[in-house]
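A quick write-up on the structure given underneath.
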Amino acid sequence: MKESLIVPPAIKDMTEREIDQFLTCARVGRIGMIFEGKPHIVPVGYGYFERKIFFHTCAEGMKMESIRSNPSVCFQVDESISDASLAKSVVILGKAEILRDKEAMLPYLQKLIDKYRVSASFAQYMTGGNRNVKAELEAVRICVITPERITGKKIIRTNGNF
């Protein structure tokens, strides 16, 4: 009886263009950091612009405390199809910076609104409901991750072998 050969999937490096496209389109990433001496990972909605990752968060909390004490972070985005015929993963090692200046945060907040909401200016978005723009801007921070290393891998199976 002849055994069938199972061909292992080819893991390939993603090109810079593929990485940029993937990071632009993916909706959720994970930031890894150290909190009180232990690894901690948190999913975040994020934006990608000029080869930097950014996300918004509250001014206080675990993420902020972690980044203030150690700005070295890892950021990861992945996706796969349920039949395992396609999988992609991008990992970024870099430094996180916390933006506190409201004027510096506004362009990043606008990019997040554009990505996750219907198109509206920041001013239009903030007029919805009974919002206190000043208080909300006091409570929010933007974190920008400047990559030191970016790697991207992909698996594409075209022959149905696993």
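Nothing in this text is a laboratory measurement; each read-out follows from the coordinates by a stated rule. Source: prediction; values computed, not measured. Using ideal geometry, Cβ is built from the backbone for each residue, glycine included, and neighbour counts are taken over all protein chains shown.
Other residues with beta-carbon under 13 Å from the beta-carbon of P147 carry, at +1 per Lys or Arg and -1 per Asp or Glu, a net charge of -1.
Within the shell defined by Cβ-Cβ distances under 12 Å, the residues around F49 carry a net charge of +1, with Lys and Arg each +1 and Asp and Glu each -1. The label-point distance for F49 and N132, in a model that sets each label 7 Å from Cα toward Cβ, rounds to 2.8 nm. A full extension of the chain between Q110 and A87 corresponds to an added length of 5.3 nm, given 0.36 nm per residue minus the alpha carbon distance. Dipole magnitude for the range 11-156: computed about the Cα centre from +1 point charges on Lys and Arg Cβ and -1 point charges on Asp and Glu Cβ, it is near 40 debye.
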